[in-house]
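Presented below is the structure to which this report refers.
All of the numbers you see were taken from the coordinates with simple rules; none came from a lab. Bear in mind the structure is a predicted one, so any value in this text is a computation, not a measurement. Backbone-built Cβ (ideal geometry, glycine too); neighbour counts: all protein chains shown.
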Ligand code: SF4
């Protein structure tokens, strides 16, 4: 039955502009809530104000006027809270009768602050939001407005007091939720909710509940991927906290992808103590190209203080195993932790050089509500909720630790980053791959992808990285020693093209085109090389195969001009 209430779900931008692969990403929770509402007959739209280059406030005003929603739900984190509250105020001014709901990790742990800072918020959904939001909207639809107290997982104002209803039980069987891919298209998805870990800097266990991790079945999750593939998605970011926690389930999921021959790639996140050869083999064959691990620190003492006391040997083994199966191992390091000194940073550098990650991210330790470190600072009287009235996204840990300060901590981060970038070439040159024949084409793909980062990707553009050309050439050649790979032929041709060795570049392209005659990049590169050697007529044949693409038009014009010039000579 079609319902009256019109619902807008909003992802607000963070205070600081974001860059990189996860900039402006809509929280997966909004897709789950949105699909459940649509399935229940509600006209629901998701608005992403975070990926818009325009003035988000002006855009939001326009959306409010166009959509005139009855209920607006905001997905709120600490970094986007101030913009979300500004949007809520704007919505209240323009649409006084609309119901404004906040949910997500920040309001879950700071509901008092939010209701005080922004009286325009009507309800806060605590924790997992699907069922609570649906029940709330149903109650609003029924216009009884009497039973909000009965809806579990809500906080709202009742007179001058805050009323918090009883906790919402977690959804035990995640497969009972509606497939978000039925109604939306996105790349970030998760098979599980929760993490068995107890990291003191992480809010996930408290938000999702870590007594029991909940999963989608492998089939449900594979269907989700397949639906999105049908809608044109070819690369996925699997955002489970610890994707490989349930080995059998992951292998079953991978086997489905392999059986369906889905031509996709994906990244995932895991822990170094949940990895082995079987799972890596299945994941690589199913399209996994990157696996991220939170190493956090090279100091066992700090890892323990951060709640992740994984033994060094396990970390080392996980990184070498992951790379050996042709999956790019990415390391997350944290600096500015409790007990951090020059010595512990040196231990992190030593571990970094031992595990040789092929990508690394170094985070300054920040604390936020819902984490043990934040709560401990509150308990010691070092901060209060008033902190969040300031225009800050989060709080660096060093601000509540007298042994640390900004200059010191910044220098720690600089040291770690420069050690990584100064050594990434040797890390890449020293990869040991497993000798499993069925993985040869995957090894070729892995080495070529990595080579691309050195020849024309992230590492090519970074002045701290040494020997880019030598490393990329070595990796491309190594890739071809495993199997023909279009990226490797193209990459080698481009390296030679840059050196103006068009004859060698053309030889690589010929080999590549023998395998992939219809490959656009190989054809265009061949055309460019031929133009550079004055063979415009032959070059034209390569460009004309792709004359419907705008980038080839300029080359076609140049060729025609030169051919007619040659005729008139
Ligand atoms: S940091 Fe990772 S492993 Fe630790 S609790 Fe959070 S999600 Fe779990």
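Extension gain for the segment residue 516 to residue 393, taken as residue separation times 0.36 nm less the Cα-Cα distance, is 39.4 nm to one decimal. DSSP assigns beta bridges within the chain; of those with both partners inside it, close to 20 percent run antiparallel. With 0.36 nm allotted per residue and the present C-alpha distance subtracted, the residue 556-residue 170 stretch has 132.9 nm of extension available.
As a size descriptor, the averaged projected area of the C-alpha convex hull of the chain was calculated at 29.7 nm².
Return a whole-number percent for the relative contact order of the chain, with Cα pairs under 8 Å and 6 or more residues apart as the contact set. If you can, show how the numbers build up before the last one.
Working: 969 pairs, mean separation 47.8, N = 569.
Reported as a whole number, the value is 8 percent.
How high is the FRET efficiency from residue 217 to residue 438, r the C-beta distance, R0 30 Å, rounded to 0.05? E between residue 217 and residue 438, to the nearest 0.05, is 0.65.
Each part gets one Cα centre, and for segment 9-70 versus segment 138-177 those centres are 23 Å apart. Tell me the angle of helix 486-498 to the major Cα principal axis of the chain, expressed in degrees between 0 and 90 and rounded to the nearest ten. The two axes meet at around 70 degrees. Summary value for segment 368-500: 21 percent relative contact order, contacts being C-alpha pairs under 8 angstrom separated by 6+ residues.
Please report the antiparallel percentage of the DSSP beta bridges confined to segment 40-158, to the nearest 5. Working shown, then result.
On the way: 3 of 11 bridges.
Just about 25 percent of them are antiparallel.
Taking segment 278-296 and a reference point 7 angstrom along Cα→Cβ of residue 483, the backbone N atoms nearer than 18 Å belong to 280-290. Note on segment 300-441: antiparallel DSSP beta bridges, both residues inside, total approximately 25 percent of the bridges counted.
Helix 440-455: angle to the longest alpha-carbon principal axis of the chain, degrees 0 to 90, nearest 10? Between the helix axis and the principal axis of the chain, the angle is about 90 degrees. Summary of the geometry: segment 374-411 and segment 475-540, compared by the centres of their Cα atoms, lie 54 Å apart. Working from label points 7 Å from Cα in the Cα-to-Cβ sense, the residue 456 to residue 408 distance is 4.7 nm. In degrees from 0 to 90, rounded to the nearest 10, what is the angle of the helix 247-259 Cα long axis to the longest principal axis of the chain? So the inclination is approximately 50 degrees. The packing ranking of peptides 36-47, 292-303, 176-187, highest mean first, is 292-303, 36-47, 176-187, where packing means the average number of other beta carbon atoms within 10 angstrom of each residue. Sorting 130, 224 from the fewest to the most surrounding beta carbons within 10 angstrom yields 224, 130. Modelled spin labels at residue 499 and residue 226, positioned 7 Å past Cα toward Cβ, are 4.8 nm from each other. Length gained on full extension, residue 258 to residue 65: 64.8 nm, using 0.36 nm per residue less the C-alpha separation.
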